[in-house]
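These notes are about the structure you will find just below.
Derivation of every value follows stated rules applied to the coordinates shown; laboratory data play no part. All figures in this text were calculated on a predicted structure; none of them were measured in a lab.
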Amino acid sequence: MNQSPNGIHPTEEQLMELAISGGNAELREHVLGCPSCARTVDEFKEVKKQVASLEDEDVPVRLERRIFSMARRDRPAGLWQGLQAVVANPFLIALAVAMVVIFLYFLVGTEVFKTP
C-alpha cells in the first residue's frame with residue numbers, strides 16, 4: 001500500500017485486483033471505510049462489467065499474426081537477458097576477472113613495487 005497524506009492507501013493495481021477477484025480481507029476492510037478507494041473500485045467494477053458485456057468476435061488470422069509479430073518486436077531484448085548470457089559464459093567471466101586483476105595491479109601494484 002502507498003503512503004498518502006491521509007494515511008495508507010492501496011495502489012491502483014491492488015484496487016483493480018479487488019474489483020476483479022475480491023482481493024484480501026485487509027483491502028476490503030480499507031475500501032469499506034475509504035470513500036475515495038471505494039469510488040475507484042466501483043469504477044474498476046464498471047469497466048469489468050462493460051468489458052464482460054462485449055461480444056466475442058473472431059480476429060482475422062492476418063491481424064492476429066501481425067499483432068503478435070509487433071508485440072514480439074517491440075518487446076525490449078532487456079539488459080537482464082544480456083546479463084544472463086554473460087554470466088552463463090565462463091570465458092567472459094574469466095575475461096572480466098583478468099581485467100579487474102590487471103586494473104588493480106596498475107592502480108595499487110605500481111605503488112607497492114616502487115623503490116624509495
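Sequentially through the range 12-24, phi angles give Karplus couplings (6.51, -1.76, 1.60; θ = phi - 60°) of 4, 4, 5, 5, 5, 4, 4, 5, 7, 10, x, x, 9 Hz, Gly and Pro residues having no value and appearing as x.
Each residue of the range 32-47 was assigned a 3J(HN,Hα) from its phi angle through the Karplus curve 6.51 cos²θ - 1.76 cosθ + 1.60 (θ = phi - 60°); the sequence is 4, x, 10, x, 5, 5, 4, 5, 5, 4, 4, 5, 5, 5, 5, 4 Hz, with glycine and proline shown as x.
Between Val100 and Glu13, the contour length at 0.36 nm per residue exceeds the alpha carbon distance by 27.0 nm.
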